[in-house]
1. Round to the nearest 0.05 the FRET efficiency obtained for ASP190 and GLN21 when R0 = 22 Å and r is the Cβ-Cβ distance.
2. Please give the helix 3-16 orientation as an angle from the longest Cα principal axis of the chain, in degrees from 0 to 90, rounded to the nearest 10.
3. Would you mind checking the tilt of helix 79-91 against the longest principal axis of the Cα atoms of the chain, expressed as 0 to 90 degrees and rounded to 10?
4. Which longest run of the chain has no exposed loop site in it, a site being GluC sites (Glu not before Pro) in a DSSP loop with at most 13 other beta carbons within 10 Å, and the site itself not part of the run?
5. Return the carbon/sulfur percentage of the accessible area of the range 3-205, one whole number, probe 1.4 Å, all protein chains in place.
6. Write down the accessible area per residue of the range 3-205 in Å², having rolled a 1.4 Å probe over the full set of protein chains.
7. So for the pair ILE161, GLU143, with labels modelled 7 Å out along Cα→Cβ, what separation do we get in nm?
8. Nearest 10 degrees, 0 to 90: what angle lies between the long axis of helix 132-143 and the longest principal axis of the chain (Cα atoms)?
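The values are calculated or read from the model by the stated rules, or taken from the named source; none is laboratory data. Note that the structure is a prediction, hence the values are computed from the model and not measured. Note: ideal-geometry Cβ built from the backbone for every residue, glycine included; neighbour counts use all protein chains shown. Just the protein is used for accessible areas: all its heavy atoms, side chains included, with ligands, DNA and RNA removed. Shrake-Rupley method; radii C 1.70, N 1.55, O 1.52, S 1.80 Å.
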Amino acid sequence: MNRPEVARQVAAYLLNIEAIQLRPAQPFKWSSGWNSPIYCDNRLALSFPEVRTFIKNALAGAIKSHFPAVELIAGVATAGIAQGALVADVLHLPYAYVRPEPKKHGMGNQIEGRVLAGQKVVVLEDLISTGGSSLKVVDVLREAGVEVLGMISIFTYGFSIADENFKQKGVELVSLSNYDCLLTEALKLDYIESSQLETLSKWREDPGSWDA
């Protein structure tokens, strides 16, 4: 299956299971304080075997295509943990995950699992907004001496600030689906009306000051 078709199918699945909800007239409030016409919870995909399997295989296929030298998959806690483990199993690769901060008890680990200096790693995240928290995981792994080949995610909003953040860190990002594809699919499936496209598009351009 080609990349545009994967993006379309992932968007359709996420809409159908209500992992993504579009509500331009009644915006959500993000923890950042931003008003948003979209809410995305890709963890819901884990509850639907058909969707879970499609996403798992699509992620594995994209990793093989873009990062064939990969030696280990590293999930981003918490949403990337389960998906990362599923993908590592498909690829028959070692797996680890990275916490936002070191544990405050026990061994004090921030990286859970065995990671060896020099290993070629692909970081797996479920959702990319600004990329800030995801790229902190890259820093942790690099400090552990591994080579981060890139990052893969299920969905990205495609914010320009995220593009800049990944560029500054020198990290290639590959996402199965994206906001533009989502809007196209949502319109086709009657989740939104054509009259709502303008406000939905404007939000992505300047999410910090957008107001429905």
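1. On the way: r = 14 Å, r/R0 = 0.66.
Efficiency, from the Cβ-Cβ distance: 0.95.
2. In the chain, helix 3-16 runs at an angle near 70 degrees to the longest axis.
3. Approximately 60 degrees, to the nearest 10.
4. On the way: sites that count: GLU18, GLU193.
Counting at most 13 other Cβ atoms within 10 Å as exposed, the longest clean stretch of the chain is 19-192.
5. Numbers: 4790 of 9780 Å².
Carbon and sulfur together cover 49 percent of it.
6. Values: 9780 Å² over 203 residues.
For the range 3-205, the solvent-accessible area averages 48 Å² per residue.
7. Modelled inter-label distance: 2.3 nm.
8. 10
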